[in-house]
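Visitor: Here you go, one structure.
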Number of protein chains: 2
Amino acid sequence: MSTAHTATKLPPAEAERHSPHYELIELLFFAYRDFVGGADQLLEAYRFGRAHHRVLHFVSRRPGLTVAELLDILRITKQSLARVLRELVDGGFVEARHGVVDRRQRLLHPTDKGRRLALQLAQLQSARFERALAELGPEARERAVQFLTAMIEPEERERVGAIARREAPRRALRAEA
Amino acid sequence: MSTAHTATKLPPAEAERHSPHYELIELLFFAYRDFVGGADQLLEAYRFGRAHHRVLHFVSRRPGLTVAELLDILRITKQSLARVLRELVDGGFVEARHGVVDRRQRLLHPTDKGRRLALQLAQLQSARFERALAELGPEARERAVQFLTAMIEPEERERVGAIARREAPRRALRAEA
DNA sequence: CCATTTATGACAGCCATATTGACATAAATT
DNA sequence: AATTTATGTCAATATGGCTGTCATAAATGG
């Protein structure tokens with residue numbers, strides 16, 4: 001595979017001269033599949049899909065999130081978000097309060113019911129991390145954070161980190177009704 | 001949040017008494033999104049989707065794979081596989097040779113064209129690992145393998161490992177035409 | 001104050017990926 | 001000869017995306 005392990009000078013080859021990290025590629029594929037698999041099952045009971053989960057998750061994590069911010073996080077289109085958001089609102093999992101500072105905005109909040117479901121889902125996925133970390137050493141958590149962060153596009157990291165560490169939105173104050 | 005943070009005895013709670021690992025959950029979400037994102041772009045040029053990628057990947061990794069084995073790896077239904085496999089065969093990326101030992105089987109092989117595309121995709125994703133690992137220490141690779149393995153369902157690990165380490169299929173010899 | 005931009009919603013239609021269920025065929029196994 | 005296995009196929013359906021277009025209300029800039 002593009003090798004040439006003889007002792008020649010080995011032209012660095014534009015793409016990548018090493019054999020690909022197949023093991024890592026596959027482990028990440030299977031790890032992610034199991035990671036989302038558990039939640040999917042629970043969601044079925046509510047007739048929700050992954051899209052609902054993602055929306056509910058970020059709304060719970062950042063109450064008062066605007067639709068635009070959510071679109072930016074999820075990187076989907078308004079139309080794709082519309083249906084799942086409507087279903088979550090109709091089902092009483094999320095509610096939208098119109099902004100006071102900017103009354104065009106719909107600031108999204110989880111209801112108690114939404115918070116409970118979001119927590120349940122987070123605990124499910126968290127349990128997998130908990131078990132994995134327990135199998136590894138005491139520094140495993142910190143290392144996992146570093147590894148996963150390194151896997152994210154550098155330009156994205158700050159934004160992602162802000163969400164993950166639950167910092168205040170960079171937008172100014174946003175009172176709401 | 002089912003809390004009761006008053007200073008009562010705090011029964012250990014069946015599910016999980018700690019606050020969930022939100023940071024890890026979100027980092028994995030974003031890391032995976034970026035991980036598959038690059039390949040998705042390349043695949044568009046061929047009018048293929050992720051499903052095609054997965055099939056091509058595993059067929060390239062395990063030439064001679066049977067349809068049943070592939071279904072077992074991907075955990076999708078026969079019908080879901082049918083279209084993408086047909087498109088890959090029609091496009092000349094994969095070819096099926098009927099088994100000699102068991103003539104019902106279709107042993108799947110990548111063509112040269114298929115191998116090239118698979119390699120290109122693997123290099124793309126591999127480059128992300130390469131960059132990430134370079135940012136971390138020299139033991140990062142081994143640690144990543146351990147972490148990702150720990151994230152996989154224990155009962156799945158052996159099977160996954162067999163694929164990832166590219167061991168011979170557990171089924172006996174399978175000559176082919 | 002008017003024009004423009006912004007935040008959001010909504011409709012129609014399309015595509016990709018997956019599902020289930022039913023049925024068909026050929027080959028292997030008992 | 002009967003059954004099981006490996007595979008294929010058809011029809012119908014769900015989900016989660018997409019694009020394009022249009023509408024409305026509110027904010028903002030000249």
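The values are calculated or read from the model by the stated rules, or taken from the named source; none is laboratory data. Remember, it's a predicted structure, so these values are computed and weren't measured experimentally. Because the Cβ atoms are built from the backbone with ideal geometry, glycine has one as well, and the counts that use them run over all protein chains shown. Surface areas here come from the heavy atoms of the whole protein model, side chains and all, with no ligands, DNA or RNA. Shrake-Rupley method; radii C 1.70, N 1.55, O 1.52, S 1.80 Å.
Visitor: How big is the Cα convex hull of the range A:6-165 in projection, averaged over all directions, in nm²?
Guide: Average projection, Cα convex hull of the range A:6-165: 13.6 nm².
Visitor: Turning to a different aspect of this structure: Could you please put B:19, A:19 in sequence from largest to smallest accessible area, using a 1.4 Å probe?
Guide: Correct descending sequence by accessible area is B:19, A:19.
Visitor: Between residue A:120 and residue A:50, what is 0.36 nm times their sequence separation minus the Cα-Cα distance? Round to one decimal in nm.
Guide: Fully extending the segment from residue A:120 to residue A:50 adds 23.8 nm.
Visitor: Using amide H atoms built in the peptide plane, which far-off residues or other-chain residues are under 5 Å from residue A:94 H to H?
Guide: Placed amide hydrogens put A:89, A:111 under 5 Å from residue A:94.
Visitor: Taking a probe of 1.4 angstrom, what is the accessible area of residue A:66 in Å², to the nearest 10?
Guide: The accessible area comes out at roughly 10 Å².
Visitor: Over all residues in A:113-123, what is the mean tally of Cβ atoms on other chains that come within 10 Å of each residue's Cβ?
Guide: That works out to 3 on average.
Visitor: Okay, moving on. At 1.4 Å probe radius, can you tell me the per residue accessible area of the range A:36-127 in Å²?
Guide: In whole numbers, the range A:36-127 has 49 Å² accessible per residue.
Visitor: Would you be so kind as to list the residues of the range A:45-81 that have their accessible area lowered by at least 20 Å² in the full protein complex compared with their chain by itself (1.4 Å probe)?
Guide: A:54, A:57, A:58, A:61, A:73
Visitor: To check my understanding: the extent here is largest minus smallest coordinate of the Cα atoms along each principal axis. What are those three numbers for the range A:36-127, in Å, largest first?
Guide: Taking the Cα atoms of the range A:36-127, the three principal extents are 39, 26, 22 Å.
Visitor: List residues of the range A:17-46, by number, whose backbone nitrogen lies under 19 Å from a label position 7 Å along Cα→C-beta of residue B:112.
Guide: Label zone hits: none.
Visitor: Show which aspartates and glutamates lie in cross-link reach of residue B:113 when reach means a straight Cα distance below 16 angstrom and same-chain residues fewer than eight apart are skipped.
Guide: B:87, B:90, B:95
Visitor: For residue A:79, place a label point 7 Å out from Cα along the Cα→Cβ vector, do the same in each other copy, and report the separations in nm, one decimal, smallest first.
Guide: 2.7
Visitor: Dipole magnitude of the range A:36-127 about its Cα centre, charges +1 at Lys/Arg Cβ and -1 at Asp/Glu Cβ only, in debye to the nearest 20?
Guide: 200
Visitor: Assuming R0 = 45 Å, what is the FRET efficiency of residue A:162 and residue B:95, from their Cβ-Cβ distance, to the nearest 0.05?
Guide: The calculated FRET efficiency here is 0.40.
Visitor: Not counting ligands, DNA or RNA, and with a 1.4 Å probe, what is residue B:112's accessible surface area in Å² rounded to the nearest 10?
Guide: 100
Visitor: Hey, rough spin-label estimate for residue A:76 and residue B:80, points 7 angstrom out along Cα→Cβ, what's it come to in nanometres?
Guide: 1.7
Visitor: If you take the accessible area of A alone plus B alone and subtract the pair, what total do you get in square angstrom, rounded to 100, with a 1.4 Å probe?
Guide: Its buried surface, counting both partners, is about 6800 Å².
Visitor: Follow-up question, since we're still on this one. Share of the range A:85-136's accessible area from carbon and sulfur, percent, 1.4 Å?
Guide: 47
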